[in-house]
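Okay, so here's the structure we're looking at.
The values are calculated or read from the model by the stated rules, or taken from the named source; none is laboratory data. Computed from a predicted model, the values in this text were never measured in an experiment. In this analysis, Cβ positions are derived from the backbone assuming ideal geometry, glycine residues included, and neighbour counts consider all displayed protein chains. Note: accessible area is taken over every heavy atom of the protein model, side chains too, but ligands, DNA and RNA are not part of it. Shrake-Rupley method; radii C 1.70, N 1.55, O 1.52, S 1.80 Å.
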Amino acid sequence: MPHLKVNPFDTAAIDNILPNNTLITFRAQALRGDDEIVAVRHGGEEFLLQIKPDSKAVLLKYDKVTRPLKVNLLKEALAKVAEVLKLKVLTSNIALSNSKPPLASEYFKKIEDFETIEYPKEKISVEVGFGSGRHLLYQAQKNSDTLFIGLEIHTPSAQQVLRQIELQGIENIWVVNYDARLFLEMLPSNRCEQIFVHFPVPWDKKPHRRVISASFLGESMRVLRKGGRLELRTDSDKYFWYALETFFAVPKTEVEIRKNEALEVTSKYEARWRKQEKDIYDVYVTAGENSKSRTVRIDFNFTTVKYSSGLEEHIPEKALVFKDYFIHFERVYKVGDAALLLKCAFGSFDRPEHKYILIEKTGSRYFASMPVKTTVNEAAHRKIVELLSEKENNVQCD
């Protein structure tokens, strides 16, 4: 990903230019460690850049939590920061490239869009982790009466499919660069025809990161219409048996199993596995009834949280584990003399959010985007507000 290596420089110089520029909005210093962060506003987006010094050079790079999908925005911001600060660049990989697939913005949707979005078609299908996009593009072309929502956390794959949408003139695909485990809670009940989960990462050593779980199954059954189905396709024996155990743990589950079924379209990896005569499993779970509609009213404001001297001394260092969620303030940064920037992980154990919280004297907010509006995130947020609103913090875990 984009980065610069520059000669060591006095980062305090950043503070001197803050009042007279529109690019850099603040500088934050880690309370433990020598790394720093600068916040930038560029191309209509806010995001963070990390400054990591060593004895011979300073690394200026993107921040994973806040990075925008448009890689060129990062490259442009890095170049502009280096120019504004008059930094001597030693090495760089930020040359702008027109070969990068441009975003078809009409078909790229942010997770925040789904709070008030209008669906252009009555039928909706979802594909989780579409990879190269062959199956997603094929299904969309074959079923023009259905809106296909493709979820992919691998940014280059998302960019490539957006490019193919543009080249092929497809109008019934939305691409979402987000974790599917969180996304499903944003969909209305009984609206989906199908949910495709084809060849998910097995995560044998980290099973908590698997897409398939009891909570994912529950949300899938909620958003599927009666008769709609969740389709898992995997080449992993372990994942197959794990999925069966998960599915059959739910009462009244209708499950169908097939083995080595040939689909009309396959990925290059599946073609390779077939040549190797590797087994491929299909598991279909059908929704047996319609679910109750759900109205979500979630507020992520920080009305009672404002910076006051000494607040940083009361930020819990260790992760706080509660019954249904956890909170971990991973890093604490000081912004000048009157603000804090907190890097925080929170929410569900198997679907955590990673966010920054900017705490100033005039108020606080998530930087640069809100968490996904799920019930477990709301519960964690309420506890965060409680923790940050009281200096004398004796909160006990459940």
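Put simply, the Cα atoms of the range 247-398 extend 65, 37, 26 Å along their principal axes, the longest span coming first.
Using per-residue counts of other Cβ atoms within 10 Å, averaged over each peptide, order 325-332, 88-95, 139-146 from highest down.
Sorting 325-332, 88-95, 139-146 by mean packing, highest first, produces 325-332, 139-146, 88-95.
For the residue pairs Lys56/Lys306; Lys206/Lys373; Lys64/Lys323; Lys75/Lys343, the alpha carbons lie more than 32 Å apart in Lys56/Lys306.
Fully extending the segment from Arg32 to Tyr284, taken as 0.36 nm per residue of separation minus the present Cα-Cα distance, adds 85.8 nm.
Can you order the peptides 14-21, 65-72 by their average number of other Cβ atoms within 10 Å per residue, highest first?
Numbers: 14-21: 11.9, 65-72: 18.6.
Peptide ranking by packing, descending: 65-72, 14-21.
In nm, what is the difference between 0.36 nm times the number of residues separating Asp10 and Gln141 and their Cα-Cα distance? Let's see the in-between values first.
Values: separation 131, 0.36 × 131 = 47.16 nm, distance 5.53 nm.
Full extension from Asp10 to Gln141 adds 41.6 nm.
I need the Kirkwood Rh of the range 117-255: take the reciprocal of the average 1/r across all distinct C-alpha pairs and report it in angstrom.
Details: mean 1/r = 0.0645 Å⁻¹.
By the Kirkwood definition, the hydrodynamic radius is 15.5 Å.
Per-residue accessible area (protein heavy atoms, 1.4 Å probe) orders Ser308, Ser55 as Ser55, Ser308, starting from the largest. Taking the square roots of 5 times each eigenvalue of the Cα gyration tensor of the chain, largest first, gives ellipsoid semi-axes of 40, 27, 19 Å.
How big is the convex hull of the Cα atoms of the range 1-78, per residue, in Å³?
Numbers: hull volume 7.4 nm³, N = 78.
Per-residue hull volume (Cα only) is 95 Å³.
On a 29 Å Cα-Cα criterion, which of the cross-link pairs Lys121/Lys268; Lys109/Lys142; Lys70/Lys226 come out too long? Show your work: numbers first, answer last.
Working: Lys121/Lys268 31 Å; Lys109/Lys142 22 Å; Lys70/Lys226 38 Å.
Exceeds cut-off: Lys121/Lys268; Lys70/Lys226.
For the range 190-320, DSSP calls about 65 percent of its internal beta bridges antiparallel. Restricting attention to the chain, close to 75% of DSSP beta bridges with both partner residues there are antiparallel. The modelled label-to-label distance for the pair Ala214/Glu115, using points 7 Å beyond Cα in the direction of Cβ, is 3.1 nm.
Could you sort the peptides 355-365, 128-138 by per-residue average Cβ neighbour count (10 Å cutoff), highest mean leading? If you can, show how the numbers build up before the last one.
Values: 355-365: 18.3, 128-138: 21.0.
The packing order, highest mean first, is 128-138, 355-365.
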